[in-house]
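Chemist: Please read through the structure below; I'll follow up with questions.
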Amino acid sequence: MRDKLIIWNFFGTLYDPVLKTAISPAGSLLKEATESGYINILYTANPADDATVSESLARLGWEKYFAEVVVRREKNLKDLYGIINRYHYIDPEKRYLISDRAWIDIKLGNQLELKTFWLRVGKYASEAPREGDEDPWVTIYSLAEMLGCFYPDYLI
């Protein structure tokens, strides 16, 4: 039974929307997390409300890694709470959120007591936390720093 949860941001965390390519080593991380028993959820904002996310997941062959894909024009606490509620049986100590957005995603994740990873790269690297609820559990500067983290009990 999968008993650990990761909520991933897409744009800027796993995928570069400018270059229209995966951010290395996103595919390896998703595979590692899945093989290590994590439930992966993609929760992302797409203000253009187009098919970019689904098309990109299909092109990259990543659909198989996600139990759910939730795309909204804007992220909000209610949607994230709904995701967490669907996986209420997972120990809160084993629920993670990974994103490049401190002011939005990390704040929402912290409000719901997720363990938050702020990927401080790209467009929002200077979006330093302004308030205490925007402080991440861990700050990383490359997805490569996470390789090996998803093996059993490493993050716990």
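None of the figures in this text is laboratory data; all of them are computed from the coordinates on show. This one's a predicted model, so the numbers in the text were calculated from it and none came from an experiment. All Cβ positions, even for glycine, are placed from backbone atoms using ideal geometry, and neighbour counts span all protein chains on display.
Chemist: Assigning unit charges at the beta carbon (Lys, Arg +1; Asp, Glu -1) and nothing else, what dipole magnitude in debye, to the nearest 20, does the chain show about its Cα centre? Before the final figure, lay out the partial values.
Modeler: On the way: 19 positive and 23 negative charges, 45 e Å.
Charge dipole, the chain, about its Cα centre: 220 debye, nearest 20.
Chemist: Follow-up question, since we're still on this one. Which is the longest part of the chain that has none of the GluC sites (Glu not before Pro) sitting in a DSSP loop with at most 13 other Cβ atoms within 10 Å?
Modeler: On the way: sites that count: 74, 113, 131.
Result for the longest clean stretch: 1-73.
Chemist: Between rounded, prolate and oblate, where does the chain land on the alpha carbon gyration tensor, with a ≥ b ≥ c its root eigenvalues, rounded for a/c under 1.5, else prolate if a/b exceeds b/c? Present the calculation step by step, with values, prior to reporting the outcome.
Modeler: Values: a/c = 1.21, a/b = 1.05, b/c = 1.15.
Rounded.
Chemist: Can you tell which of 136, 56, 67 lies farthest toward the positive end of the dipole of the chain, using +1 and -1 charges on the Cβ of basic and acidic side chains (Lys, Arg; Asp, Glu)?
Modeler: In the chain, that residue is 56.
Chemist: Can you compute the helix-only [θ] at 222 nm over the chain? Use -39500 (n - 2.57) per DSSP H run of at least 4 residues, normalise by all residues, nearest 500 deg cm²/dmol. It would help to have the intermediate numbers written out before the result.
Modeler: Numbers: 4 runs with 34 residues, N = 156.
Using -39500 (n - 2.57) per qualifying helix, the result is -6000 deg cm²/dmol.
Chemist: Here's another thing I want to ask about it. How big is the antiparallel share of DSSP beta bridges in the chain, given as a percent to the nearest 5?
Modeler: Working: 2 of 24 bridges.
Roughly 10 percent of the beta bridges in the chain run antiparallel, per DSSP.
Chemist: Using a/c under 1.5 as the rounded threshold, could you call the range 10-82 rounded, prolate or oblate? The axes a ≥ b ≥ c are square roots of the C-alpha gyration tensor eigenvalues, and prolate needs a/b larger than b/c, oblate otherwise. Spell out each step's value before the answer.
Modeler: Details: a/c = 1.90, a/b = 1.14, b/c = 1.67.
Here the range 10-82 falls in the oblate category.
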